[in-house]
Amino acid sequence: MKRRLWKRWVKPALALALAVCMLQGAGAGEVLAASLTELQQEQERLEQEQEANDVKLAELKADQTKQQEYKDALDAQMQNLQGQIDGLNAQINSLDASIEEKNAAIAEKQQSIDEDVETLKQRLCAIYMMGDASTLEILLQSESVIDMAQKVELLNIITEHDTKLIAQLTADMEAIADEKVEIEAEKEQVALARSELEAKGTELAAVQAEAERVLAELNQNVAEVQAESERIAQEKAQASAEIDQWWKDYYAQLAAQNNSSSGGSSSSLGSGGYVSTGNFNWPVPGFTNISCGYSSGHKAIDISGGGRNMYGAAIVAADSGKVVTATYHYSYGNYVMIDHGGGYSTLYAHASSLAVSVGQTVTKGQTIAYVGSTGNSTGNHLHFEVRVNGVRKNPFNWFS
Ligand SMILES: [Zn+2]
């Protein structure tokens with residue numbers, strides 16, 4: 001939003017300010033620096049937003065891991081419970097089979113009893129049939145006491161064998177029925193245990209569902225914050241491109257101004273009234289160690305202490321000119337940029353503190369800042385850039 005506003009309104013205003021500055025030759029540095037500062041503040045704001053977002057993301061991811069572990073534990077618990085229920089089901093099935101067996105055995109005994117009773121009846125019938133008479137009649141028709149006794153004995157023998165057998169079968173059947181009752185009681189207990197486990201399972205399933213819901217919510221939050229991260233990264237890239245564009249525009253204006261001027265001396269800068277010839281002095285007297293040289297990836301030189309403590313060492317202007325930037329930047333830290341005229345400018349980054357402010361005119365060798373390690377830096381050093389018409393060049397080409 002802020003940047004769009006800048007594009008639409010501030011940028012044309014800046015161009016206008018530049019045009020005015022070319023005519024009047026004063027006061028433009030402040031306007032320019034203010035616009036640049038605004039862009040850099042936006043960049044810093046995005047940097048902070050990203051840091052806050054990263055913290056949020058890390059917290060959410062920790063929560064997500066914890067919740068996943070909790071859910072895994074619940075799943076394992078549920079699996080264990082299901083295993084127990086399966087075991088009880090198997091036990092119940094086996095008991096049911098035993099009950100079936102007992103039923104069959106009881107039925108078999110019953111059938112034997114029925115058959116024996118039938119046989120006994122038939123035998124008795126056969127006895128009755130002899131002489132066409134009832135048992136009493138058979139006995140009464142006995143020819144003698146001996147005969148009667150023999151007949152009674154015969155009856156006894158016949159019935160005793162069968163009644164014994166029937167009694168035995170009945171006793172067996174009752175024993176089986178008792179066993180069956182015991183098995184049924186056992187089954188009832190197992191079924192009760194199963195019901196309890198099933199109730200536990202129902203409770204656990206509810207906890208499991210809630211854990212799953214929370215996890216899904218966390219997954220969603222993580223995805224959202226990650227998307228936010230991507231958005232911030234895009235905005236940062238855009239902000240950075242706009243700052244690059246700002247410098248490009250700035251130098252294009254300066255170049256146009258140089259071309260339109262006759263001698264190019266007094267109007268080539270329009271701010272400091274100084275035109276550099278590109279002869280620079282060393283920016284940190286007394287320190288010459290180069291910890292990172294100029295390359296396509298690092299279009300600057302890093303001057304470090306090389307074992308000596310460099311903190312607070314004076315950083316001096318490489319040439320005379322006017323301070324166009326003196327501020328904090330998330331990456332450069334405290335830094336100063338000086339416009340020397342003639343298309344030359346220099347930049348001094350990571351300072352512990354600054355000794356100049358925007359709009360100030362400085363002379364070659366004047367202390368402008370003090371060495372430090374602010375911004376994107378891991379130790380005390382000076383990051384020094386030389387720009388010629390806005391393009392960063394190897395500083396070693398310009399030291400006198
Ligand atoms: Zn550097």
*Here is a list of conditions, (1) away from the ligand (no atom under 15 Å from the Cβ); (2) more than 19 Å from Ser240 (Cα to Cα); (3) within 45 Å of the chain's Cα centre (by Cα), and Asp319 meets all of them except one; can you say which number that is?*
(3)
*Looking only at the range 357-368, decide whether some residue is buried (at least 20 other Cβ atoms within 10 Å of the Cβ) and within 16 Å of the ligand (Cβ to nearest atom).*
no
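Which residues, taken from the range 375-391, are within 13 Å of the ligand (Cβ to nearest atom) and buried (at least 16 other Cβ atoms within 10 Å of the Cβ)?
So in the range 375-391, the residues within 13 Å of the ligand (Cβ to nearest atom) come out as 375-386.
The answer is Gly375, Ser377, Asn380, His381, Leu382, His383, Phe384, Glu385, Val386.
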*Could you check the range 300-400 for strands (runs of 3 or more DSSP E) lying wholly inside it with 2 or more residues that are in contact (Cβ under 8 Å) with a residue 60 or more places away in the chain and over 26 Å from Lys248 (Cβ atoms)?*
301-304
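Please verify whether the range 207-214 includes one or more residues that are surrounded by 14 or more Cβ atoms within 10 Å (Cβ to Cβ), under 30 Å from Glu44 (Cβ atoms) and within 15 Å of the chain's Cα centre (by Cα).
Here is the first cut: in the range 207-214, the residues surrounded by 14 or more Cβ atoms within 10 Å (Cβ to Cβ) are 207-208, 211-212, 214.
Adding the requirement that they be under 30 Å from Glu44 (Cβ atoms) leaves none.
Within the range 207-214 (the criterion being surrounded by 14 or more Cβ atoms within 10 Å (Cβ to Cβ), under 30 Å from Glu44 (Cβ atoms) and within 15 Å of the chain's Cα centre (by Cα)), the answer is no, since none of the residues qualifies.
Keeping to the range 336-371, report how many residues are of a type in the set (Phe, Trp, Tyr) and at pLDDT below 95. Give the derivation first.
Of all residues in the range 336-371, those of a type in the set (Phe, Trp, Tyr) come to 344, 348, 370.
When the remaining residues are screened for being at pLDDT below 95, the result is 344.
Residues that pass the stated criteria total 1.
The values are calculated or read from the model by the stated rules, or taken from the named source; none is laboratory data. Note that the coordinates shown come from a computational prediction; the quantities given were computed from them, not determined experimentally. All Cβ positions, even for glycine, are placed from backbone atoms using ideal geometry, and neighbour counts span all protein chains on display.
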